[in-house]
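Undergrad: Would you mind keeping the following structure in view while I ask a few things?
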Amino acid sequence: MSVPHRIDGNRAEVNKKNAQHSTGPKTESGKKQSSLNALRHGLTGQIVVMPTEDLHAYQVHLKSFTDEYHPHGATEAHLVQALADCSWRLNRVAALETNLLTLGIANASSPITDAPSQVRDALSIVSALESQSKALSNLSLHSQRLSRQFERTVTQLRDLQKIRLTQEQRDLDNLLYIIEMYEGKGETYDPSADGFVFSELQIKEAARARSRERLAKEATDHYAETAP
């Protein structure tokens, strides 16, 4: 009775050692196959553009997001990239759904051979939906997951950009006050000396915008004072 007891007592240690030896595929071919398992449908793999897809089309797709959000810094660029990748996969879901239904319709046979073509087509669609229900259900789950991921990423990006733009506007306002103060004393101010990184064009545009605001306020105040 003591031998089985010793085996049970060491079972956890034995299982732990066995688990350490079972670390996945060892050969290069095995590792490659393991790394590409998620590429069967291309919805969860790390590689975004599938071998059968157009890389140039993806680059155009990515540029459309970059042009829309104009990311600044590594974090914003990462979020924009994530948005583009998620959207690309969502488009792939729609294409896969269409392909599944097309394949199912092509392979379906209508039980009513003498019915009008529209009726036979409708029955073929129903048959395709039934035969591909499991695959379509899986695609629907992926679509929901990707949609939630897209929405979260958009929220993160917009919040981050709102904070950045608010801080930039505050810094720009402070810079304009400093420039005006120096100009009032007949001196020239170098923004880079205090760590400001705004371009000369940004400063000029902000100065013009402030000038327009002042003129508008003066016109409004003058009208309020002279109005009957």
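The values are calculated or read from the model by the stated rules, or taken from the named source; none is laboratory data. Since we're looking at a predicted model, the values are computed, not measured. Glycine gets a Cβ as well: all are built from the backbone with ideal geometry, and neighbour counts include every protein chain shown. The accessibility values were calculated without ligands, DNA or RNA, using every heavy atom of the protein model including side chains. Shrake-Rupley method; radii C 1.70, N 1.55, O 1.52, S 1.80 Å.
Undergrad: Mind telling me which of the residues LEU201, LEU160 ends up being open to solvent by 50 Å² or more (accessible area, probe 1.4 Å), without any contact (Cβ under 8 Å) to a residue 24 or more places away in the chain and either aliphatic (A, V, I, L, M) or under 23 Å from GLU76 (Cα atoms) (or both)? Working first, answer last.
TA: Numbers: LEU160 fails: without any contact (Cβ under 8 Å) to a residue 24 or more places away in the chain.
From the options LEU201, LEU160, the qualifying one is LEU201.
Undergrad: Out of curiosity, is THR113 farther than 19 Å from THR153 by Cβ, modelled with pLDDT under 65 and either in a loop (DSSP other than H, G, I, E, B) or out of contact with any helix residue (DSSP H, G or I) (no Cβ under 9 Å at 6 or more places or on another chain) (or both)?
TA: Yes.
Undergrad: Within segment 178-198, track down each residue that is hydroxyl-bearing (Ser, Thr, Tyr), part of a helix (DSSP H, G or I) and exposed (fewer than 11 other Cβ atoms within 10 Å of the Cβ).
TA: To start, the set of residues in segment 178-198 that are hydroxyl-bearing (Ser, Thr, Tyr) comprises 182, 188-189, 192.
If we keep only those that are part of a helix (DSSP H, G or I) as well, we get 182, 192.
Scanning segment 178-198 gives a single hit, SER192.
Undergrad: For ALA206, work out the one condition from (1) open to solvent by less than 90 Å² (accessible area, probe 1.4 Å); (2) of a type outside the set (Phe, Trp, Tyr); (3) more than 34 Å from the chain's Cα centre (by Cα); (4) farther than 25 Å from ALA74 by Cα it doesn't fulfil.
TA: With respect to (1) open to solvent by less than 90 Å² (accessible area, probe 1.4 Å); (2) of a type outside the set (Phe, Trp, Tyr); (3) more than 34 Å from the chain's Cα centre (by Cα); (4) farther than 25 Å from ALA74 by Cα, ALA206 is out only on (3).
Undergrad: What number of residues in segment 69-91 are of a type in the set (Gly, Ala, Ser) and either open to solvent by less than 30 Å² (accessible area, probe 1.4 Å) or closer than 19 Å to LEU141 by Cα (or both)?
TA: Within segment 69-91, residues that are of a type in the set (Gly, Ala, Ser) and either open to solvent by less than 30 Å² (accessible area, probe 1.4 Å) or closer than 19 Å to LEU141 by Cα (or both) number 3.
Yes/no per residue for (1) more than 16 Å from SER147 (Cα to Cα); (2) modelled with pLDDT under 85; (3) assigned to a helix (DSSP H, G or I):
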residue: SER34; (1), (2), (3): yes, yes, yes
residue: TYR58; (1), (2), (3): yes, no, yes
residue: HIS61; (1), (2), (3): yes, no, yes
residue: GLU76; (1), (2), (3): yes, no, yes
residue: ALA82; (1), (2), (3): no, no, yes
residue: ALA94; (1), (2), (3): no, yes, yes
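Undergrad: Here is a further query. Which members of segment 124-144 meet the condition of being open to solvent by 60 Å² or more (accessible area, probe 1.4 Å), of a type outside the set (Ser, Thr, Tyr) and modelled with pLDDT under 90?
TA: Listed by number, the residues that qualify are ILE125, VAL126, LEU129, GLU130, LYS134, ASN138, LEU141.
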